[in-house]
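Beneath this line is the structure, given in structure tokens, with notes to follow.
Only the coordinates and a few stated rules stand behind these numbers; no lab work does. These numbers come from a predicted model, not from an experiment. Here the Cβ is made from the backbone with ideal geometry for all residues, glycine too, and neighbour counts use every protein chain on show.
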């Protein structure tokens, strides 16, 4: 089960007999461990923008500048998954990658306006115990 790089594994690529090729998470993010633009909430919904729906190497709608950034396969997969909104956790599950790696990849896409992030709605504030007691007292008085 140890990684090998012999001829039976296809050359110099890391290979695990049971898992197949191995790519370390830091290789996917270029050594970055977090996204500098902020934190992605685990349940935030991610959706591909119109620009992200078109392949990033091709020109977008008329008047839009051609993008020169060539996305990695993981970026392409995220853009494909998020044609319908998915949460950050669901994306990590689909890609079978750690959340930290997915957050960095999402940051790359967000910086290029290829995805939209919809933050979860704030949890509703419950009335205080005093207000609830007053309501119960009012109902009993009826």
Next item on the list: Neighbouring Cβ atoms within 10 Å as the yardstick, rank 137, 108, 50 fewest first.
Entry: 137, 50, 108
Note to self: With 10 angstrom as the radius, rank 75, 34 by how many other C-beta atoms surround their C-beta, starting from the fewest.
What the structure shows: 34, 75
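Arrange 81, 126 by Cβ neighbour counts within 10 Å, fewest through most, would you?
Fewest to most other Cβ atoms nearby, the residues stand as 126, 81.
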